[in-house]
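The values are calculated or read from the model by the stated rules, or taken from the named source; none is laboratory data. Computed from a prediction, not measured in an experiment: that's the story for all the values here. Neighbour counts run over all protein chains shown; Cβ positions are idealised from the backbone, glycine included.
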Amino acid sequence: MVDAQFACGGVLFDDQGYLPAFLARAAEEEEKIEEMTFCHLRFGPADLRGLEFARCRFEGCSFSGCRMDRLYLRESVFEQCDLTGWTASDATLASVVWRDCRLSGAQLSGSVLRDCALQRCAADYLSLSGCTLRGCSFADCRMPEAFFDGCRPTRLRLSGCVLTRADFTGTPLKGVDLTDDEIDGLLVAGPELRGAVVNPAQACELARLLGVVIR
C-alpha cells in the first residue's frame with residue numbers, strides 16, 4: 001500500500017562525479033540498484049533506459065530531461081525532486097511515492113502503476129496516457145491539462161487536486177470521487193462519467209461541457 005511505511009534508503013550516494021559510471025554499469029550488467037539514498041544529484045539529461053531500483057530514496061534530485069523507458073521501480077520515495085520533462089514510458093512502478101516534486105511535462109504513457117501516490121506535486125501536462133492505475137492516489141496536486149486518457153483505473157483516488165482541462169477521454173471514472181477537486185473544462189466524451197461522484201456545482205459544469213441545457 002502507498003501509505004505503508006516500507007523501509008527504503010540505506011547506503012548514502014551523493015557523488016555526482018561517479019553517478020554516470022555507476023548508472024552505466026548497472027544498466028550494462030542488468031544489476032538492480034537497491035536500498036540506497038540519493039541526495040541532491042543530477043541524473044539527467046541522460047538516456048537511462050531499462051534500470052531497476054528497489055527500496056531507494058531520492059532527495060532533492062533532478063531527473064529533468066531523463067529518458068528512463070522500461071524503468072522498474074518499487075518501494076521507493078521521491079522527496080522534493082525535479083522530474084520536469086522526465087520520460088518513463090512502458091515502466092513498471094509499484095509502491096512509489098512522489099512528495100513535493102515537480103513533474104511538469106513528465107511522460108509515463110503506457111506504464112503500470114500499482115499502489116503509487118503523488119502528494120503535493122506540481123504536475124501540469126503530466127502524461128499518464130494509456131496507463132494501468134491500480135490503487136493509486138493523487139492528493140493536493142496541481143495537474144492542469146494533465147493526460148489521463150485511455151487509462152485503466154482501479155481504486156483511483158483524487159483529493160484536493162487541480163484538474164482544470166485535464167483529459168480523461170476513454171477512462172472510466174466509476175466510483176471515483178471528484179467532489180474535492182477542481183475539474184473546470186474537464187475533457188470527456190460522456191460515458192467516462194458514468195458512476196463518478198461529483199458535487200452539484202460540478203454536475204452543472206459537466207452538463208454544460210456535454211451540451212446539456214439545465215433550466
Margin query: Here is a check on your reading of the model: is THR164 in contact with a Cys (Cβ under 9 Å, 6 or more places away or on another chain), surrounded by 15 or more Cβ atoms within 10 Å (Cβ to Cβ) and hydroxyl-bearing (Ser, Thr, Tyr)?
Written below: no
Notebook entry, point to check: Looking at this structure, is SER109 in contact with a Gly (Cβ under 8 Å, 6 or more places away or on another chain) and either under 20 Å from THR37 (Cα atoms) or not in a loop (DSSP other than H, G, I, E, B) (or both)?
Noted result: no
Next item on the list: With a cut-off of at least 1 residues that are over 22 Å from ASP90 (Cα atoms), name the strands (runs of 3 or more DSSP E) lying wholly within segment 126-215.
Entry: 137-139, 157-159
Note to self: Pairs please, first residue from segment 51-67 and among the aromatic types (Phe, Trp, Tyr), second anywhere and in a strand (DSSP E or B), Cβ atoms under 6 Å, 6+ apart in sequence or on different chains.
What the structure shows: PHE53/ILE33; PHE53/LEU73; PHE53/SER76; PHE58/PHE38; PHE58/PHE78
Check: Restricting attention to segment 29-80, which residues are under 18 Å from CYS121 (Cβ atoms) and polar (S, T, N, Q)?
Finding: SER62, SER64, SER76, GLN80
Check: Residues in segment 23-53 that are part of a strand (DSSP E or B) and out of contact with any Asp or Glu (no Cβ under 6 Å at 6 or more places or on another chain): how many?
Finding: 9
Checklist line | Candidates ASP124, ASP140, ASP180, ASP115 - the one that is under 26 Å from SER62 (Cβ atoms), outside the structural domain of ARG67 (by TED's automatic domain parsing) and surrounded by fewer than 15 Cβ atoms within 10 Å (Cβ to Cβ) | finding: ASP140
